[in-house]
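This report concerns only the one structure given below.
Rule-based calculations on the coordinates, nothing more; no lab input. Here the structure is a predicted model, which means the values were calculated and not measured. All Cβ positions, even for glycine, are placed from backbone atoms using ideal geometry, and neighbour counts span all protein chains on display.
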Amino acid sequence: MNKYVIEREIPGIGASTPSQLAAGAEASNEALARLAPDVQWVHSYVVENRTFCVYLARDEALIRQHAELSGFPATRIHEVCSVFDPSAATSLVAGSARASKEAS
């Protein structure tokens with residue numbers, strides 16, 4: 001499956017209570033159950049007026065179908081090309097600025 005980040009514009013979502021977020025999760029889970037096993041919700045980040053949701057899915061069409069079934073907009077859908085974190089900088093990679101500096 002492919003990994004996607006879905007940006008959902010939802011005015012005021014950042015002020016949601018835990019019970020409101022739980023109700024949203026229930027709506028999402030109901031839609032996911034209908035689409036299983038071809039789409040999975042990993043987690044979401046909530047900011048002032050939008051969410052950024054990480055999903056695994058067979059294709060973008062399933063992400064759009066989930067949005068329609070759950071009632072949550074899929075304002076922008078981005079397929080993840082790669083993932084990196086701070087540990088990526090710990091090894092020397094040939095041609096990197098750090099490797100060149102240490103070789104000098």
### Message
Let me check I've understood the local charge: for Asp59, count other residues with C-beta under 11 angstrom from its C-beta, Lys and Arg +1, Asp and Glu -1. What total comes out?
### Response
-1
### Query
So how tilted is helix 18-35 from the main axis of the chain? Cα-based, degrees 0 to 90, rounded to 10.
90 degrees
### Query
With θ set to phi - 60° and the Karplus curve 6.51 cos²θ - 1.76 cosθ + 1.60, what are the ³J(HN,Hα) couplings of the stretch 50-56 in order, to the nearest whole Hz, using x for Gly and Pro?
6, 10, 10, 10, 9, 10, 10
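With +1 assigned to the C-beta of every Lys and Arg and -1 to the C-beta of every Asp and Glu, and no other charges, what is the dipole magnitude of the stretch 3-88 about the Cα centre in debye, to the nearest 20?
With Lys and Arg at +1 and Asp and Glu at -1, about 20 debye.
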### Message
I want the local charge near Ala36. Using Cβ-Cβ distances under 12 Å, sum +1 for each Lys or Arg and -1 for each Asp or Glu among the other residues.
### Response
0
### Burial ranking of peptide ranges 53-59, 8-14 (average Cβ count within 10 Å, highest at the top)
53-59, 8-14
### Task
Assuming R0 = 22 Å, can you tell me the calculated FRET efficiency for the pair Arg58 and Val83, based on Cβ-Cβ distance, to the nearest 0.05?
0.70
### Mean Cα-pair separation over length for the stretch 2-103, i.e. relative contact order, pairs under 8 Å, 6 or more apart, %
38 percent
